[in-house]
1. For the stretch 563-574, give me each residue that is open to solvent by less than 20 Å² (accessible area, probe 1.4 Å) and either among the polar types (S, T, N, Q) or touching a Lys or Arg at 6+ places or on another chain (Cβ under 8 Å) (or both).
2. Is it fair to say Asp514 is touching a residue at least 40 places away in the same chain (Cβ under 8 Å) and either among the basic types (Lys, Arg) or under 30 Å from Gly713 (Cβ atoms) (or both)?
3. Any residue in the stretch 692-716 that's free of Cβ contacts under 8 Å to residues at least 60 places away in the same chain: show its pairings with residues that are outside any helix (DSSP H, G or I) at Cβ separation under 6 Å, as long as the two are six or more apart or on different chains.
4. Pick from the stretch 256-283 the residues that are more than 27 Å from Ala335 (Cα to Cα), of a type outside the set (A, V, I, L, M) and touching a helix residue (DSSP H, G or I) at 6+ places or on another chain (Cβ under 7 Å): which of them is most open to solvent (accessible area, probe 1.4 Å)?
5. Which residues, taken from the stretch 1-41, are small (Gly, Ala, Ser), touching a helix residue (DSSP H, G or I) at 6+ places or on another chain (Cβ under 8 Å) and surrounded by fewer than 20 Cβ atoms within 10 Å (Cβ to Cβ)?
6. What residue, among those in the stretch 310-328 that are assigned to a helix (DSSP H, G or I) and aliphatic (A, V, I, L, M), is nearest to the chain's Cα centre (by Cα)?
7. How about the stretch 110-124: which of its residues are among the small types (Gly, Ala, Ser) and either out of contact with any Lys or Arg (no Cβ under 7 Å at 6 or more places or on another chain) or more than 16 Å from Arg134 (Cα to Cα) (or both)?
8. Can you tell me which residue among Glu253, Glu239 is at pLDDT below 95, charged (D, E, K, R) and buried (at least 19 other Cβ atoms within 10 Å of the Cβ)?
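The values are calculated or read from the model by the stated rules, or taken from the named source; none is laboratory data. Since the structure is predicted, the reported quantities are computational estimates derived from the model, not experimental observations. When we count neighbours, we look across all protein chains shown, and the Cβ atoms used for this are built from the backbone with ideal geometry, even at glycine. Heads up: the accessible areas ignore ligands, DNA and RNA and are worked out on the full protein's heavy atoms, side chains in. Shrake-Rupley method; radii C 1.70, N 1.55, O 1.52, S 1.80 Å.
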Amino acid sequence: MTEVLFIARNRPQPGALADAVRKLHEQGITVRLAGTFNLADAREDLESVGLDEVHQLPRGIGTRNQAVRRLAKNSSDGMSQWLQVQRDGWLRKRAAKAHMLVALDTRSVYTVWRLAQYNRKAEAQFGAAAAVRRIAEMAAAGELSSVGERDIPTAPTAYAVAARDVQRVTRRLPLTTMRYATHRRLMRSAAAARLWRAAVAAPGMPGTVRATMSRQVAEGMALAGRRSGAQLALATAAEKISDLGLRADLLDEAASLEVSKGISPKQLDKVVAAHLAHADERFAAGDQHEAARALSRALRLGFHRVHHIDQLTSPLAKDAKGFVAPFHRSKAMRAMTRERGRIAPAAPAPTDRPLRLLVMTSANKNFLGHILDRYDAHPGVELRYLDLAEKRATKHIAWAGPKIIEDRLAGGTAYEEQVERLIRPHLDWADTVFLDWSVGPAAMLTTIDPGDTRVVIRLHSYEAFTRWPLMTDFSRVDDVVFVAEHVKDLTTSMVPQLTGPQAPRLHVLDNAMDLTGFGLDKDPDARFTLGLIGISQVAKDPLWALDVLDQLRAKDERYRLMLVGGDMNPKTSRATKVYLEEFEARLEPLVESGAVVRFGPTDDVPSALASIGTILSSSVREGCHVGLMEGAASAAVPVVRDWPFYAGRPNSARTLYPEGWVVSSPEEAAARILETTDSEQSWLTAGKLAAEHALTQWDWPVVSKQFDRLFLGDQG
């Protein structure tokens, strides 16, 4: 006789269970129930169901040893139940004889799966309805009568075909769902595969139950090293959930599994759209807090560094307007980016006293040294410097993305009061605020009206690939400084406020660099030495420089490459780690042969450049590439890759640098190097021309006058 064993942790609904038992009895099937809930309290309900037998499973774990109790305490509900019941003799005996094992709730799934590993002949199902459907399928296929006797079908029945399909799915959708899962060979069980598949994708399941199940399954798969299966489980469950918030969260969790591997999610657009839909729904309902959370998630994931910073390409490089279009279509996003303007225009610079200049940043003053030195000593300027990261309170408000969004949606919150309290005294003192880096502090600063203080923000290159410019209210900014035209083009194509009726004035000013100290005499062998200054980011793409070196050494083995600067940090992201591993593998034999010299980090870049005769820019994107400009000032011959992020645009590396410096490929780079280094005289001449250009265009005595005009106008 065919036997079905139901297992439940929670007290089942008697109506639905009675219907299932009736249908199973009509097939001549014996139905038993084992539960960890209190069967005595449910005696009347269970009697009305018509079960053939019920059994009270252990309801606690107090009799087990301390190690097991500690394990149960730190485990999920499913694992805890298994530890409770695994020694129950009745359960083990009936499970061994059962033809079908059925979990009636999510907490019983793990127990059913473990029992199915001991009884490989048994079907495993999630839910009474699924069990009834499967029994009906087996009856229609003529398998029900012999289910207790067969080990392996002797003919390719419908069930055998289905089993093969299940096995194929099993390979894509791993099975383990708990930290303490057993052997990998057990995860190939077709019964377990059917169980988890039914649990995640079964129709009619409440959304919260489906979400709980999919997360449990995904957690176990991830622990088993099967992240693709975990991602699939979450995404599959999300597709069957109507609740926009829950659906968005599951899709986000699925995408995060890919992001954690350094992979841009295949369904990034779908995840972002789900968050935006949820944000719009909650904003329309007046729930600004939840709308802000959803919008923040959409922005954080959409502009995650894995897609834009740690790769050799970016969706923004391909189609910036198209990438940000879904954000701008969102009603919540439009509300968040609404231009609020300022009550009064910025006051003109004072004529009867020095200009009060407040220079602000947050933990990054790399490009402020010369600016601070100049205006600290300038008779027409009274300078103050504020690093928001130095105090916990200001650091906290400077990077509070979700709070900034909620404040904009709600039209003011306690966050705005915090910014007022901490920043207003600085604004009241200053005539002009110069904020370096258009990131979190820029969004924070524009949360409050600046009064009549002039606000100037500088955007380098990195910021254009983050969410922060979209979160900054540029109607409260007077001037935005870009370091290059191509960066300005990209940013303005993404941020409507930069070209709208209340847009700030836009400027392009070179970074502050003192290049006069780079003109040291070159070492005798510098003519055949290529140099790369800075290799700490994937965007620097030093593998391209190795391609150039290969081209050169195929013709003349005197050429070598010097790498100056610290290495990439593999902890930055998984994508960085993957790139670094490939780079190191290729670099090792070149270092051993002497073809590459690792100079490492240094505070004396001019001395390092004295050994370099050709300076490379191998990057996929740059703002202006300071290292390349310093190399040119040292009279090294510049060879600049046509940065792929901007290549072919109206403004790019080709418009930033003189004609002839920029090349399209490693082959073209090698040809330029061979031509300019063909003789010592040709090399010296090319280097001299490069140095003259650098000093007349980018040296601080030249650029400082541009900053004087920016801050002081005619008084500069």
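1. Leu563, Ser573
2. When the stated conditions are applied, Asp514 passes them.
3. Note: pairs meeting the criteria are Asp708/Gly716; Arg709/Gly716.
4. Among those that are more than 27 Å from Ala335 (Cα to Cα), of a type outside the set (A, V, I, L, M) and touching a helix residue (DSSP H, G or I) at 6+ places or on another chain (Cβ under 7 Å), it is Lys261.
5. Within the stretch 1-41, Ala16, Ala18 qualify.
6. That would be Leu316.
7. Correct list: Ala116, Ala122.
8. The unique qualifying residue is Glu253.
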